[in-house]
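The block underneath contains the structure these notes are about, expressed in structure tokens.
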Amino acid sequence: VRVEYESEIAADRLPDADLVVAGDGVNSALRERHADHFGTEISHGRNHYIWVGTTKVFDSFTFSFVETDHGWIWCYAYRFSDDRSTLVIECSPRTWAGLGLGHASEADGLALLEKLFADLLDGHGLIGRAQPDGAAQWLTFRTLTNRTWHRGNLVLLGDAAHTTHYSIGAGTTLALEDAISLAGALREHPDLDTALTYYGQKRRSELLSVQSAARHSAQWYESLPRYIGLPPAQMFALLGQRHSPLLPYVPPQLYYRIDRAAGRLEALRRFKRWLGPKVARGVQARAGR
């Protein structure tokens with residue numbers, strides 16, 4: 001394998017190769033050139049978010065929620081090296097506009113976010129993405145799907161083929177699983193078109209449950225006011241249940257009680273299954289006596 005950096009492959013000048021794997025992300029130029037063929041569909045989430053770094057090193061994955069005069073803002077924080085962590089900061093459109101984040105420069109926006117998350121950061125600063133124009137890189141999440149994942153000898157992989165909301169933290173794992181599946185399909189099927197068709201069908205099927213969980217996870221955060229007023233134990237229990245398709249349709253406290261009861265019942269059922277044969281033998285022995 002020869003690795004080349006900073007050597008862009010233009011969509012209209014693909015190299016002469018047996019196979020071209022487009023792993024060039026959600027903004028894939030290779031996919032966009034043939035978007036009609038791939039059947040690309042993109043839907044936008046409601047909330048705004050931004051990726052930033054910090055020198056604060058977190059020991060574990062951390063959620064932090066901060067209330068402002070314009071609503072709640074929160075972050076997902078995790079370490080990615082020995083001296084750096086990532087923060088994904090998210091808020092509703094109302095909060096984003098009310099705090100002035102929509103028109104603030106990156107430097108001013110980071111300064112405000114440092115104040116809001118001061119308790120979490122422990123004196124550490126936030127690191128932006130150094131855009132040439134000084135603008136902050138606030139985004140809305142794009143859920144991307146494709147009807148087919150290949151065209152001739154060009155095949156999609158990772159975010160070029162599909163996206164799942166960052167709140168489930170599965171993007172890199174799914175891209176690696178794509179690569180494993182693609183390699184397996186190429187080994188099993190000598191014909192390239194057959195191999196790529198099989199790969200696409202297999203992975204699209206495998207992703208259905210993950211994509212559903214990601215959609216519901218994103219919707220949980222978009223509906224944060226529905227849960228934020230609950231007692232902390234209940235709120236974080238429902239945070240753990242955010243992938244459930246039923247949660248949006250059941251009053252939160254009722255869902256919490258049902259979930260707790262179901263958990264106890266399942267534990268009781270497992271305990272009875274474990275005791276079952278022993279209890280039955282004990283009853284038979286006493287009856288015999």
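Observations
- Residues satisfying the stated conditions in region 209-234, i.e. more than 16 Å from the chain's Cα centre (by Cα) and surrounded by fewer than 18 Cβ atoms within 10 Å (Cβ to Cβ): SER223, PRO225, ARG226, ILE228, GLY229, LEU230, PRO231, PRO232, ALA233
- Of residues in region 70-101 being in contact with a Phe, Trp or Tyr (Cβ under 8 Å, 6 or more places away or on another chain) and among the hydroxyl-bearing types (Ser, Thr, Tyr), the one nearest to ASP59 (Cα to Cα): TYR78
Conditions (1) without any contact (Cβ under 8 Å) to a residue 60 or more places away in the chain; (2) part of a loop (DSSP other than H, G, I, E, B); (3) surrounded by fewer than 18 Cβ atoms within 10 Å (Cβ to Cβ), marked per residue:
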residue	(1), (2), (3)
ALA107	yes, no, yes
LEU112	yes, no, yes
LYS115	yes, no, yes
ASP119	yes, no, yes
HIS124	no, yes, yes
GLN137	no, yes, yes
THR140	no, no, yes
THR143	no, no, no
ARG147	no, yes, yes
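- In summary, THR95 fulfils each of the numbered conditions (1) among the β-branched types (Val, Ile, Thr); (2) in contact (Cβ under 8 Å) with a residue 60 or more places away in the chain; (3) touching a strand residue (DSSP E or B) at 6+ places or on another chain (Cβ under 7 Å) with the single exception of condition (2).
- Of ARG203, ARG187, all but one fail to be modelled with pLDDT of 95 or more, closer than 21 Å to ILE42 by Cα and part of a helix (DSSP H, G or I); the exception is ARG203.
- Set GLN253, GLN241, GLN211, GLN201: member being polar (S, T, N, Q) and over 30 Å from SER181 (Cβ atoms): GLN253
- Restricting region 65-85 to residues that are crowded, with 18+ Cβ neighbours inside 10 Å and among the hydroxyl-bearing types (Ser, Thr, Tyr) leaves a set whose member that is farthest from LEU230 (Cα to Cα) is SER85.
- Restricting attention to region 165-184, the residues that are at pLDDT below 95 and surrounded by 14 or more Cβ atoms within 10 Å (Cβ to Cβ) add up to 7.
- Residue selected from region 15-56 under the condition more than 30 Å from LEU120 (Cα to Cα) and charged (D, E, K, R), by the criterion surrounded by the fewest Cβ atoms within 10 Å (Cβ to Cβ): ASP16
- Those helices (runs of 4 or more DSSP H) of region 1-102 in which 1 or more residues are outside the structural domain of TYR166 (by TED's automatic domain parsing) and of a type in the set (Val, Ile, Thr) occupy 93-98.
- Residue within region 209-228 that is of a type outside the set (Val, Ile, Thr), more than 30 Å from GLY71 (Cα to Cα) and modelled with pLDDT under 95 present: yes
- Single unsatisfied condition, ARG129 versus (1) crowded, with 18+ Cβ neighbours inside 10 Å; (2) assigned to a loop (DSSP other than H, G, I, E, B): (1)
The values are calculated or read from the model by the stated rules, or taken from the named source; none is laboratory data. Worth saying up front: this structure is predicted, and the values here are computed from it rather than measured. Glycine also receives a Cβ, built like all others from the backbone with ideal geometry; neighbour counts cover every protein chain displayed.
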